[in-house]
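The values are calculated or read from the model by the stated rules, or taken from the named source; none is laboratory data. From a predicted model like this one, the values you see are computed outputs, not experimental measurements. Positions of Cβ are generated from backbone atoms using ideal geometry, with glycine treated the same way; all protein chains shown enter the neighbour counts. With ligands, DNA and RNA removed, areas are computed over all heavy atoms of the protein, side chains included. Shrake-Rupley method; radii C 1.70, N 1.55, O 1.52, S 1.80 Å.
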Amino acid sequence: MKITFLGHASLQIEFADHTILVDPFISGNPKMNGEITINSLKPDYILVTHAHQDHILDVAEIAKNSGATIVSNYEIATYYQNMGLTAHPMNHGGNWNFDFGSVKYVNAIHTSSFPDGTYGGQPGGFIISIADKTVYIAGDTALTMDMKLIPLSFKLDLAVLPIGDNFTMGIDDAVIAADFVECDTILGYHYDTFGYIEIDPEEARSAFKKGSKTLHLLAIGEAITI
Ligand code: NI
Ligand code: MN
């Protein structure tokens with residue numbers, strides 16, 4: 001499973017001939033230097049954690065261009081179905097077997113309204129299992145005890161955790177979250193995109209190292225394979 005960081009909280013997951021996008025926020029990302037363009041993305045699926053602008057900005061356009069199926073909570077799926085797009089609705093605790101692997105929508109503590117004020121359901125994260133690898137994408141969330149439920153059912157190979165603070169967990173809570181989900185390999189995201197969430201990357205790496213964990217921070221377009 002190859003996971004490419006597309007900036008902010010946007011990820012592309014590739015396995016065999018499947019391409020899955022998560023929370024595409026490309027055209028509005030001030031850190032983007034043209035490395036990634038919307039038209040270059042041809043996903044089969046677009047997973048959406050919640051309805052905030054910095055997670056959904058390019059969902060409709062990419063879905064229109066690619067014919068991708070949008071996977072999210074019921075309210076977000078319905079919002080896009082009403083625009084004539086294809087969507088698969090889920091809700092918290094639910095698991096579904098797609099053609100590429102399985103996806104579970106899990107709890108996050110955050111909010112979720114569309115930029116136009118439309119209710120975006122409750123926010124979530126995803127646990128994605130493809131072949132023998134499992135990745136947890138936390139979405140925007142606080143540290144929550146619910147994370148302790150995850151290792152009861154899943155052995156994670158990678159946890160993608162927000163580390164930017166202010167809107168989500170910061171570094172110290174994310175280290176605890178890594179303990180809660182019992183995963184030593186972390187990809188940090190949702191940091192440095194704009195002023196409220198700037199971090200010191202060295203401080204972040206050493207905080208995880210102190211907790212005997214490895215924090216990966218990727219440049220836009222850079223990938224890791226698990
Ligand atoms: Ni958010
Ligand atoms: Mn966000």
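Summary of computed values
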read-out	value
Lone qualifier among 118, 111 - being among the polar types (S, T, N, Q), closer than 20 Å to residue 80 by Cα and away from ligand 2 (no atom under 13 Å from the Cβ)	118
Pick from the range 194-226, criterion touching a helix residue (DSSP H, G or I) at 6+ places or on another chain (Cβ under 7 Å) and of a type in the set (Val, Ile, Thr), ranking: least open to solvent (accessible area, probe 1.4 Å)	199
Exclusive hit being closer than 24 Å to residue 99 by Cα and within 16 Å of ligand 2 (Cβ to nearest atom), set 57, 41, 6	6
Identity of the residue in the range 117-145, more than 17 Å from the chain's Cα centre (by Cα) and over 22 Å from residue 54 (Cα atoms), that ends up modelled with the highest pLDDT	145
Total residues in the range 85-132, condition open to solvent by 70 Å² or more (accessible area, probe 1.4 Å), farther than 17 Å from residue 13 by Cα and in a loop (DSSP other than H, G, I, E, B)	7
Test: residue 162 is closer than 16 Å to residue 90 by Cβ, out of contact with any Lys or Arg (no Cβ under 9 Å at 6 or more places or on another chain) and open to solvent by less than 10 Å² (accessible area, probe 1.4 Å)	no
Near pairs, Cβ below 7 angstrom, 6+ apart or cross-chain, from the range 47-64 (among the hydroxyl-bearing types (Ser, Thr, Tyr)) to any residue that is near ligand 2 (Cβ under 10 Å from one of its atoms) and open to solvent by less than 10 Å² (accessible area, probe 1.4 Å)	49/23; 49/55; 49/123; 49/139; 49/140
Residue within the range 168-175 that is buried (at least 21 other Cβ atoms within 10 Å of the Cβ), closer than 25 Å to residue 32 by Cα, modelled with pLDDT of 95 or more and of a type in the set (S, T, N, Q) present	yes
Selected residue (only one of 223, 142 is within 21 Å of residue 22 (Cα to Cα), small (Gly, Ala, Ser) and without any contact (Cβ under 8 Å) to a residue 40 or more places away in the chain)	142
